[in-house]
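Okay, so here's the structure we're looking at.
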Amino acid sequence: MQRTRCHEEPMSTTRSLPGARAVLSTTRRAWLGSIGAGALAFAATKFGRAAERAEADTYDESSTLQAAVDFFGQTTEGLAKVIAKAFREQGRPNGYIRGEEVAGAVTVGLRYGEGELTLKNGAVRRVYWAGPSVGFDVGANAAKVFVLVYNLPQAQAIFKRYPGVDGSLYYVGGVGLHYQRLDGVTLAPIRLGVGLRAGASVGYTHYRPRSR
């Protein structure tokens with residue numbers, strides 16, 4: 001009886017490599033995808049929290065307009081337009097000043113005012129200001145002024161000399177708006193009616209903690 005010898009070939013490892021590589025490639029893609037999704041979710045959460053903090057520390061347009069209306073004692077189409085323009089160009093303010101000022105001029109004059117700075121974080125501070133004004137009339141007047149405050153880190157940081165931005169004067173419907181900027185802080189004084197002088201954006205305004 002003749003025995004038949006069976007020949008067994010060893011399993012080739014080279015044949016399994018392509019499949020293993022495919023599995024590893026799929027696993028790697030899934031791993032990288034999960035990391036990317038996690039990073040995006042983390043960034044979205046962080047951005048969302050930052051946006052929530054920014055909104056909590058600033059005033060929206062409707063509440064700002066209402067505060068201005070309550071302060072001036074009247075509402076006009078021009079007031080709504082200049083506040084909308086300020087929001088469109090500068091965003092949401094984190095504070096405002098409600099005050100009164102007197103100004104006298106013989107072409108070139110002086111403006112002096114005082115009021116109360118209120119920040120959204122609850123800080124309140126008395127402020128005084130003075131600076132040159134340019135007008136087309138002779139005489140004096142007293143008026144209210146509502147100043148939108150942007151990017152002010154703390155109440156004490158306002159006590160500086162802010163130059164006016166040339167060409168920023170905006171006037172519509174008896175309401176005037178112009179910008180003053182220094183060190184990343186923007187102030188936007190709004191004057192109604194007789195308190196407006198066409199040259200208000202020329203020169204500077206010095207804000208102080210005490211009256212002089």
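No lab work stands behind these numbers, since they all come straight from the coordinates. If you're wondering where the values come from, they're calculated on a predicted model, not measured in any experiment. Because the Cβ atoms are built from the backbone with ideal geometry, glycine has one as well, and the counts that use them run over all protein chains shown.
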With a Förster radius of 30 Å, plug the Cβ-Cβ distance of ASP70 and VAL102 into 1/(1 + (r/R0)^6) and report the FRET value to the nearest 0.05.
0.85
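Based on the alpha-carbon gyration tensor of the stretch 73-125 and its eigenvalue square roots a ≥ b ≥ c, which shape applies: rounded if a/c is under 1.5, prolate if not and a/b is larger than b/c, or oblate?
Verdict is oblate for the stretch 73-125.
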Estimated inter-spin distance, ALA56 and PHE159, nm [label 7 Å along Cα→Cβ]
2.9 nm
